[in-house]
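FYI, it's all coordinate maths here, none of it is from the lab. Quantities reported herein were computed from a predicted structural model and do not represent experimental measurements. Neighbour counts run over all protein chains shown; Cβ positions are idealised from the backbone, glycine included.
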């Protein structure tokens, strides 16, 4: 699949077939996502893939701040990627000071690039995905025993899409593009 075609045909998938995504396919997706750029090549993003149905149910029932829409998505997905970042590296100098006025916000910037790269690689492999942002990061960190030096950036539900998806409406390019001359 050509890169522009991949970007323009990828959709957020919220309904999945009842079949597992094989571990080797997930590994291939992560291998591709590893090439996402990061602050000074710090590579702080980690992919914690939850495949265990009991753990998925625990996250869905207890880790979503009562947001039932995400609960249904997680209960229906094949696996859940808990995308985390290693704290205290991205945006910092070696002495611990911040490099820019963005301070540690670069961690989330890198996580966003990595999440999108993961989703594009998944799409190329025929795997659907949706990035979820409403969750209790502390509860989920506890459920999956996340290392204390990491923070959850987002959740990505994955699986094989159930049905065709239509493209959402997009703003006109002229509404979002500004040339400064």
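For residue 134, state whether it is in contact (Cβ under 8 Å) with a residue 60 or more places away in the chain, touching a helix residue (DSSP H, G or I) at 6+ places or on another chain (Cβ under 8 Å), surrounded by fewer than 17 Cβ atoms within 10 Å (Cβ to Cβ) and not in a helix (DSSP H, G or I).
Yes, satisfied.
Which of the numbered conditions does residue 35 fail, given that it passes all the others? Conditions: (1) outside any loop (DSSP other than H, G, I, E, B); (2) surrounded by fewer than 13 Cβ atoms within 10 Å (Cβ to Cβ); (3) touching a residue at least 40 places away in the same chain (Cβ under 8 Å).
(1)
Here are some residues: 6, 90, 51. Which one is touching a residue at least 12 places away in the same chain (Cβ under 8 Å) and touching a strand residue (DSSP E or B) at 6+ places or on another chain (Cβ under 8 Å)?
On inspection, the qualifying residue turns out to be 51.
Is it the case that residue 64 is buried (at least 16 other Cβ atoms within 10 Å of the Cβ) and either assigned to a loop (DSSP other than H, G, I, E, B) or under 15 Å from the mean Cα position of the chain (by Cα) (or both)?
Yes.
Which one of these is over 20 Å from residue 161 (Cα atoms) and either surrounded by fewer than 19 Cβ atoms within 10 Å (Cβ to Cβ) or touching a residue at least 60 places away in the same chain (Cβ under 8 Å) (or both): 18, 75, 40?
So the residue among 18, 75, 40 that is over 20 Å from residue 161 (Cα atoms) and either surrounded by fewer than 19 Cβ atoms within 10 Å (Cβ to Cβ) or touching a residue at least 60 places away in the same chain (Cβ under 8 Å) (or both) is 40.
Can you find a residue in region 93-110 that is in contact (Cβ under 8 Å) with a residue 60 or more places away in the chain and closer than 13 Å to residue 30 by Cα?
Within region 93-110 (the criterion being in contact (Cβ under 8 Å) with a residue 60 or more places away in the chain and closer than 13 Å to residue 30 by Cα), the answer is no, since none of the residues qualifies.
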